[in-house]
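The values are calculated or read from the model by the stated rules, or taken from the named source; none is laboratory data. This one's a predicted model, so the numbers in the text were calculated from it and none came from an experiment. Calculation scope for accessible area: heavy atoms of the full protein, side chains included, ligands and nucleic acids excluded. Shrake-Rupley method; radii C 1.70, N 1.55, O 1.52, S 1.80 Å.
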Amino acid sequence: FSPASLMKVPIMIALLKLSEKEPTVLEPKIKFIEKRESNYTLGRPVGENSSLLVSGVSYTVLQLIELMISESDNEATILLLDYINQLDQHLLKVVQKDIGLEIPDSIINAEDFITVKRYSSFFRTLYNASYLNESNSNLALSILIKSGYGFGIRLAIPINIDIAHKYGHKLIRKDYHQLHHFAVVYHQKKPYLLGVMTKGKDLEELKYSITRLSKVIYNEVDQKAELKENYLKRDLE
């Protein structure tokens with residue numbers, strides 16, 4: 001599949017990783033001048049994504065990260081990519097390689113390059129705090145919990161249960177979509193990671209398919225969580 005906006009998560013991870021060596025890296029303010037998303041689409045259709053950035057206003061790097069994740073703001077993403085390139089042109093590739101994600105040299109010619117299992121590594125490393133330190137892993141997860149996307153997995157999970165999640169939507173052409181959703185579901189007894197990637201002509205049907213599958217999985221986990229023989233050691237701690 002094509003990861004689409006799911007690739008915003010490794011951008012966040014890269015900046016948080018750098019902040020472990022340079023704590024002030026999240027503090028600088030960057031001024032938003034004008035929208036530039038159309039410069040990066042190479043003539044392909046752009047999905048609905050109205051930026052919340054205001055022309056002439058400056059935002060801290062951390063604020064841009066929050067907007068990039070919670071609102072999937074593409075203009076905030078562009079500013080952060082510029083910032084990363086100014087700091088270290090190799091940073092993002094290093095982080096992706098560290099976590100086991102290899103991106104083709106030409107994404108234009110090989111857009112469908114990622115699997116559910118491969119992408120899930122980003123969420124696993126955050127939940128286990130195995131790449132970022134515990135503080136930054138928790139910060140990343142707290143930002144993902146604020147994601148404003150209310151469809152897919154979110155619709156399948158009771159509202160009192162937090163999920164740290166990110167969706168990705170790509171309009172391949174006017175009548176064909178890819179829609180993906182990944183989440184850490186904070187079930188009270190058995191937290192779990194779920195990722196679903198889809199493609200097809202009907203966007204609403206893709207949303208419904210993700211919700212339907214997510215509901216089946218949640219119900220199965222919820223039922224098994226009541227059986228103590230299914231607990232992992234850390235579930236009991």
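Once you have the Cα-Cα distance between LEU193 and GLU22, take 0.36 nm times their residue separation minus that, and quote the gain in nm to one decimal.
Between LEU193 and GLU22, full extension yields 58.5 nm more.
Where Rh is the Kirkwood radius over the Cα pairs of the chain, the temperature 20 °C and the viscosity 1.002 mPa s, what D in µm²/s does Stokes-Einstein return?
Result for D is 114 µm²/s.
Cα-Cα over 27 Å: which of LYS21/LYS190; LYS8/LYS29; LYS117/LYS189; LYS97/LYS224; LYS97/LYS170? Display every interim value, and only then the final one.
Numbers: LYS21/LYS190 34 Å; LYS8/LYS29 19 Å; LYS117/LYS189 23 Å; LYS97/LYS224 36 Å; LYS97/LYS170 24 Å.
Violating the 27 Å Cα-Cα cut-off are LYS21/LYS190; LYS97/LYS224.
Quick one: with all protein chains in place, what share of the accessible area of the chain is carbon or sulfur, to the nearest percent (1.4 Å probe)?
On the chain, the fraction of accessible area on carbon and sulfur atoms equals 51 percent.
Determine the relative contact order of the chain: mean sequence separation of Cα pairs under 8 Å and six or more apart, normalised by residue count, in whole percent.
Relative CO of the chain lands at 20 percent.
Probe of 1.4 angstrom, ligands and nucleic acids ignored: what's the accessible area per residue over the chain, in square angstrom?
54
Please calculate the 1.4 Å probe accessible area of THR198, with all protein chains present, and give it to the nearest 10 Å².
20
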